[in-house]
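Participant: Supplied in structure tokens, the structure appears directly below.
The values are calculated or read from the model by the stated rules, or taken from the named source; none is laboratory data. For clarity, every value in this text was computed on a predicted model and none was experimentally measured. Positions of Cβ are backbone-derived with ideal geometry, glycine not excepted, and every protein chain shown enters the neighbour counts. Heavy atoms of the whole protein, side chains included, go into the accessibility calculation; ligands, DNA and RNA do not. Shrake-Rupley method; radii C 1.70, N 1.55, O 1.52, S 1.80 Å.
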Amino acid sequence: KAVKNVNVGVNGAVPGSIVINNNPALEMLTGLSGVKSVGSDKAGNSLEIAHNAMLKGIEGMRACSKLEGALTLQNNPQLSTLKGLKALTKIGGKNILGDSILIYGNPMLKSLHGLDNLHGSVPGAISLQKNGLTTLVGLGKISAVRLPRRGRLLAGLRHEAPDPLGRESPQSCRWTVA
């Protein structure tokens, strides 16, 4: 029987990571509403949601305010909202790729609303690629990123456009320091 919803009844802190991966019938992530913080795994990820063909939303994470590792959302073709992450205020780590936020291959995702309360510095890159983004609003309270190899804290953000003419594109960009 295919999983259509995740409901595990966890309350408080999860010491390791949460991985929701390869669930072709999963439509909504609603059963993790008691999770307040998430640790990380050996790869540095805290929350990894990937390859879920029918997943539309992640409302189940609505109480989570802190991730010790990276947020990774990859190849969820129906994912259209991040509103379930609205309590998230801090991402304290990065994964082995050097990303604190990796959002890739989510063509129905038009905005980053839901990350609006994420603030302060993040220790890794913010990578946004192959999404349906029409705006980058939602990352406005992030004030600094750390360069992955040097470890220096730099303030001021801009995003790199893949276009050689320098035109900015929210569909594919990587945040770096200005």
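Participant: Within the range 56-70, count every residue that is modelled with pLDDT of 95 or more and open to solvent by less than 20 Å² (accessible area, probe 1.4 Å).
Facilitator: Count: 4.
Participant: For the list (1) over 19 Å from GLU27 (Cα atoms); (2) open to solvent by less than 50 Å² (accessible area, probe 1.4 Å), I need the number of the one condition that SER143 fails.
Facilitator: (2)
Participant: Could you count how many residues in the range 21-34 are surrounded by fewer than 22 Cβ atoms within 10 Å (Cβ to Cβ) and assigned to a strand (DSSP E or B)?
Facilitator: Count: 4.
Participant: Looking at the range 135-145, is at least one residue at pLDDT 95 or above and among the polar types (S, T, N, Q)?
Facilitator: Taking the range 135-145 as the starting set, the residues that turn out to be at pLDDT 95 or above are none.
No - not one qualifying residue is present in the range 135-145.
Participant: Then there is this: Might you let me know whether the range 109-124 holds any residue that is surrounded by fewer than 18 Cβ atoms within 10 Å (Cβ to Cβ), more than 17 Å from ILE18 (Cβ to Cβ) and among the polar types (S, T, N, Q)?
Facilitator: yes
Participant: Which of (1) surrounded by fewer than 20 Cβ atoms within 10 Å (Cβ to Cβ); (2) farther than 23 Å from VAL145 by Cα does ASN52 not meet, given it meets every other one?
Facilitator: (1)
Participant: Something else: Being assigned to a strand (DSSP E or B), farther than 15 Å from LEU102 by Cα and open to solvent by 10 Å² or more (accessible area, probe 1.4 Å) is the filter here, so list the residues in the range 35-49 that pass it.
Facilitator: LYS36, SER37
Participant: Mind listing just one residue for me: the one in the range 71-85 that is more than 16 Å from ASP99 (Cα to Cα) and of a type in the set (S, T, N, Q) and, of those, surrounded by the most Cβ atoms within 10 Å (Cβ to Cβ)?
Facilitator: Keep residues of the range 71-85 that are more than 16 Å from ASP99 (Cα to Cα), which gives 75-85.
If we keep only those that are of a type in the set (S, T, N, Q) as well, we get 75-76, 78, 80-81.
Numbers: ASN75: 17, ASN76: 28, GLN78: 16, SER80: 17, THR81: 16.
Result: ASN76.
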